[in-house]
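Student: This is the structure, below, for whatever I ask next.
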Amino acid sequence: MSSEDQERLESQCSREGLQVSRAHLHRAAIALGSNLGDSAATLRAACDRLREHPAIALQSCSSLYRTPAIGPPQPDYVNACAVVETELGAIALLEELQAIEQAFGRQRLEHWGPRTLDLDLLLYDHEMIHHPRLQVPHPHMTERGFVLLPLAEIAPPGCILSPRKAS
């Protein structure tokens, strides 16, 4: 990240009250999914939101994949994955992802139910995180082809299943 980008990030984060660590950038993998409305357009717009976010640097976004829904009867999903770099802590990143979901009209009405946008934090650096609001690596990611296939398309080598420490 250039020093100009660093200054822009710090300034924007400060204005928005986001906590930023100067220590180093964290790499994270995010799963994106949608099965309500124009799902492909929603996922492209969500990637744009990640790209435009002052505290998140979108590194790559996978192709889009159509997959059958898990759970109650509902339309197929369109899925993708993104790799980002951020100075946000894992919980702060989760909160930003949830804010993006809300901006797209996400409602949590039914477990595994249909949704306008679902953003799951899959990986955060090589950490294992056990927090009431967040489990990293995502506890079901290795069981879901709709996560593994797009993630394998864009993830740096060795990042998918190599956690190092618990937080």
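Student: Kindly indicate the residue of segment 132-167 that is in contact with a helix residue (DSSP H, G or I) (Cβ under 7 Å, 6 or more places away or on another chain) and assigned to a strand (DSSP E or B) and also modelled with the lowest pLDDT among those meeting that condition.
Tutor: Applying the filter and picking the extreme gives V136.
Student: Another question, then. Can you pull out every residue in segment 62-75 that is of a type in the set (A, V, I, L, M, F, W, C) and at pLDDT 95 or above?
Tutor: L64
Student: If the requirement is being in contact with a Cys (Cβ under 9 Å, 6 or more places away or on another chain) and either crowded, with 21+ Cβ neighbours inside 10 Å or at pLDDT below 95 (or both), which of these qualifies: L50, L93, L9, L36?
Tutor: So the residue among L50, L93, L9, L36 that is in contact with a Cys (Cβ under 9 Å, 6 or more places away or on another chain) and either crowded, with 21+ Cβ neighbours inside 10 Å or at pLDDT below 95 (or both) is L50.
Student: Here's a follow-up. Which ones in segment 107-131 are hydrophobic (A, V, I, L, M, F, W, C), buried (at least 20 other Cβ atoms within 10 Å of the Cβ) and either assigned to a strand (DSSP E or B) or at pLDDT below 85 (or both)?
Tutor: Taking segment 107-131 as the starting set, the residues that turn out to be hydrophobic (A, V, I, L, M, F, W, C) are 109, 112, 117, 119, 121-123, 128-129.
This time we only want the ones that are buried (at least 20 other Cβ atoms within 10 Å of the Cβ), so: 117, 119, 121-123, 129.
Selection gives L119, L121, L122, L123, I129.
Student: Restricting to segment 116-150, what's the tally of residues that are of a type in the set (D, E) and in contact with an Asp or Glu (Cβ under 6 Å, 6 or more places away or on another chain)?
Tutor: Residues that pass the stated criteria total 0.
The values are calculated or read from the model by the stated rules, or taken from the named source; none is laboratory data. Keep in mind that this is a model prediction, so the values were computed, not measured. For neighbour counting, all protein chains shown are included, and Cβ atoms are generated from backbone atoms with ideal geometry for every residue, glycine included.
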